[in-house]
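**Q** I am attaching a structure below and will ask some questions about it afterwards.
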Amino acid sequence: MKKRINGILLVSVLLTLTIALSACSGDKAGEPSNGSTAQSETAGSETTDESSITIGIPQDLEESLDPHKAVAAGTKEILFNIYEGLVKPDSDGNMVPAVASEYTMEDEGKTYVFTLRDGILFHDGTAVTVEDIRYSIERCADTSGEGTLLVSAFSNIESVEIVDEKTVSIHLVEADTDFLSELTVAIIPQSNADPDKTAIGTGPYRHVSRSIQDNIVLTRYEDYWGDKANIRDITLKIVADGDMIVTNLKSGSIDMFCRLTTDQARELEGNGFDVYEGTMNLVQALYLNNDFEPFKDVRVRQALCYAINPQEILELGFEGKGTVIGSSMFPAFGKYYLEELASSYPTDTKKAKALLKEAGYEDGFSFSITVPSNYQPHVDTAQIIVEQLKSINVKATINLVEWETWVSEAYIGRQFESTVVGVDASTLTARALLERFTSANDKNFINFNSSDYDQAFAQAVAATDDAQKTAYYQECERILSKEAANVYIQDMASLVALNSKYGGYQFYPLYVQDFAALYVK
């Protein structure tokens, strides 16, 4: 039975003086596969202590379990279940309480005051303190100037002040009315001497063990401050070979897998599995290394945009599922998203060839597309792109690499010519998607360099008027499109297979997995 989850809402930061973050009272288990709400409302009571589930994931977590250092989206979506910030997003994109129970925004967004939740414990049983909050925020902000800025938005933090044993104030250099969404950053214990190896958070699941390139084991945290997770034990099994996903599901060695291809979903649906359909909320593109010789020339990048047909990619590779996009923003971001940019480069091989001739590549050129082999949808997209580019005498070859190699060489080392991947947002802010393309940002893996872009982004961050801030962020998107920073393709459809004996899967407007919502029927 297929389910479509629509209406993902972008969080709107309320500009009131005091906002109480009341406990979440929604249906945690989500909609069961038979469509009845009655079962989901009682799902927790139907679960026994022996309940367990095995979930397939396409790659191992990063070597470090430190939530402040995580780079890969696949790592961060798992750590979502272990760690929490002062606030965290729910499946509708609203900010809900976590380590903080309430907050006050003062001085038009220049100061945020948080109240520590009563009785909240870390997974090692110790009480969370305001000192832990200050430590976590200062660690990411590098307020001492002796470490590394781990969260770029935290460069705006002037100081973190402990007011009393229940209250912490965060003072900003410049007012920022969007700053609340940045405070999903994990609160970790100051006493943890080795967060790289020891994961201690406040989330609904705690880390038990890890076998490199094999599995990660989590178990329900029984002293969790909120509604406890329905399923006690979770094993995350690594299935790096995309061809083995369906086999593993059918054999029962895994019970769930996210981000299937349409062919995989069709084979599983109705055969003991429910297939859920939503959106991935990421920007899939042919990301171009702007320091690579042909791609230094904007005319070459624009030529590729005119030659590649995103709608055809959706039709051939994804049965029409997904949303064509034209810049580094996807529809869930509401007011920031510019739908018209999706039509900025209508397919025009004649124009593409003229641009290549003007740039000195009349006879075409060759380049490689580096793709992580464990993400079949990206591989499929790259294969279609290779065929489309033949129409303008450009020869592209696919270089399949393991995920760890892609992260170290392409993303961190920037040793690639082009790549097909999806880029997600770490928080529900336009800044989270757009800051990486500023010229000096260490996450600017495509080496995009535009003074106009840098200026527009700086104006967006500095603006306190919401309409002005939105307009500047939209200008950033227009520059990325005009400069053809990348060949933008789609916000991909997300197809999730879940064994029919389980229910409660929920989609989020961020790239996360909420295991606590799952339940045994």
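**Q** Is it the case that the range 263-279 has a residue that's in contact with a Lys or Arg (Cβ under 8 Å, 6 or more places away or on another chain), acidic (D, E), on the phi < 0 side of the Ramachandran plot and assigned to a loop (DSSP other than H, G, I, E, B)?
**A** No: zero hits.
**Q** Cβ-Cβ distance below 9 Å, separation of 6 or more or different chains: which pairs start in the range 287-304 with a residue that is farther than 16 Å from I369 by Cβ and polar (S, T, N, Q) and end on one that is part of a helix (DSSP H, G or I) and open to solvent by less than 10 Å² (accessible area, probe 1.4 Å)?
**A** Listed by first residue and then by second, the contacts come to Q302/A352.
**Q** Restricting to the range 463-482, and then to whatever is open to solvent by less than 30 Å² (accessible area, probe 1.4 Å) and polar (S, T, N, Q), can you tell me which residue is farthest from L288 (Cα to Cα)?
**A** Looking only at the range 463-482, we keep the residues that are open to solvent by less than 30 Å² (accessible area, probe 1.4 Å), and these are 463, 469-470, 473, 476-477, 479-481.
From the residues that got through so far, the ones that are polar (S, T, N, Q) too are 470, 481.
Working: T470: 26, S481: 13 Å.
Result: T470.
**Q** Next up: Across the range 94-111, which residue is least open to solvent (accessible area, probe 1.4 Å) among those that are out of contact with any Gly (no Cβ under 9 Å at 6 or more places or on another chain) and not in a strand (DSSP E or B)?
**A** Ranking the candidates gives G109 first.
**Q** Cβ-Cβ below 7 Å, separation at least six or inter-chain, first residue in the range 306-325 and part of a loop (DSSP other than H, G, I, E, B), second open to solvent by 30 Å² or more (accessible area, probe 1.4 Å): which pairs?
**A** Within 7 Å, the pairs are N309/T347; I325/A342.
**Q** Something else about it: In the range 280-304, how many residues are under 14 Å from V496 (Cβ atoms) and either in a helix (DSSP H, G or I) or touching a Leu at 6+ places or on another chain (Cβ under 6 Å) (or both)?
**A** First, the residues of the range 280-304 that are under 14 Å from V496 (Cβ atoms): 280-281.
Imposing the further condition that a residue be either in a helix (DSSP H, G or I) or touching a Leu at 6+ places or on another chain (Cβ under 6 Å) (or both) reduces the set to none.
Looking only at that region, the number is 0.
**Q** Exactly one of (1) of a type outside the set (D, E); (2) surrounded by 21 or more Cβ atoms within 10 Å (Cβ to Cβ); (3) more than 22 Å from the chain's Cα centre (by Cα) is unmet by I234. Its number?
**A** Of the numbered conditions (1) of a type outside the set (D, E); (2) surrounded by 21 or more Cβ atoms within 10 Å (Cβ to Cβ); (3) more than 22 Å from the chain's Cα centre (by Cα), the odd one out for I234 is (3).
Matching residues to (1) touching a Phe, Trp or Tyr at 6+ places or on another chain (Cβ under 9 Å); (2) modelled with pLDDT of 95 or more:
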{"position": "F416", "(1), (2)": "yes, yes"}
{"position": "T419", "(1), (2)": "yes, yes"}
{"position": "D424", "(1), (2)": "yes, no"}
{"position": "T427", "(1), (2)": "no, no"}
{"position": "A432", "(1), (2)": "no, no"}
{"position": "Y453", "(1), (2)": "yes, yes"}
{"position": "A471", "(1), (2)": "no, yes"}
{"position": "V487", "(1), (2)": "yes, yes"}
{"position": "K501", "(1), (2)": "no, yes"}
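**Q** Further question: I'd like the full set of residues that are open to solvent by less than 10 Å² (accessible area, probe 1.4 Å) and either outside any strand (DSSP E or B) or without any contact (Cβ under 8 Å) to a residue 40 or more places away in the chain (or both), limited to the range 80-90.
**A** N81, I82, E84, G85, L86
**Q** So, one more: Look at the range 160-191 and say how many of its residues are open to solvent by 20 Å² or more (accessible area, probe 1.4 Å), closer than 18 Å to D142 by Cα and without any contact (Cβ under 8 Å) to a residue 40 or more places away in the chain.
**A** The number of residues fulfilling the criteria is 3.
**Q** Here's something else I'd like to know. Which residue, of K357, K351, K390, K335, is assigned to a helix (DSSP H, G or I), touching a Phe, Trp or Tyr at 6+ places or on another chain (Cβ under 8 Å), open to solvent by 40 Å² or more (accessible area, probe 1.4 Å) and not aliphatic (A, V, I, L, M)? Lay out the reasoning, then the answer.
**A** Values: K357 fails: touching a Phe, Trp or Tyr at 6+ places or on another chain (Cβ under 8 Å); K390 fails: touching a Phe, Trp or Tyr at 6+ places or on another chain (Cβ under 8 Å); K335 fails: touching a Phe, Trp or Tyr at 6+ places or on another chain (Cβ under 8 Å).
The conditions single out K351.
**Q** Filter the range 393-424 for residues that are of a type in the set (S, T, N, Q) and open to solvent by less than 10 Å² (accessible area, probe 1.4 Å) and give the result.
**A** To start, the set of residues in the range 393-424 that are of a type in the set (S, T, N, Q) comprises 393, 397, 399, 405, 408, 415, 418-419.
Listed by number, the residues that qualify are S418, T419.
**Q** Are any of the residues in the range 60-76 of a type in the set (V, I, T), modelled with pLDDT of 95 or more and open to solvent by less than 30 Å² (accessible area, probe 1.4 Å)? Lay out the reasoning, then the answer.
**A** Of all residues in the range 60-76, those of a type in the set (V, I, T) come to 71, 75.
From what is left, the residues that are modelled with pLDDT of 95 or more are none.
No, the range 60-76 contains no residue that is of a type in the set (V, I, T), modelled with pLDDT of 95 or more and open to solvent by less than 30 Å² (accessible area, probe 1.4 Å).
**Q** Looking at (1) closer than 26 Å to G364 by Cβ; (2) touching a residue at least 12 places away in the same chain (Cβ under 8 Å); (3) of a type in the set (D, E, K, R); (4) open to solvent by 20 Å² or more (accessible area, probe 1.4 Å), find the lone condition where K250 falls short.
**A** All conditions pass for K250, except number (1).
The values are calculated or read from the model by the stated rules, or taken from the named source; none is laboratory data. Predicted, not measured: the structure shown is a model, and the values here were computed from it. Heads up, the Cβs are rebuilt from the backbone with ideal geometry, glycines too, and the neighbour counts pull from every protein chain shown. What goes into the accessible areas is simple: the full protein's heavy atoms, side chains included, and nothing from ligands, DNA or RNA. Shrake-Rupley method; radii C 1.70, N 1.55, O 1.52, S 1.80 Å.
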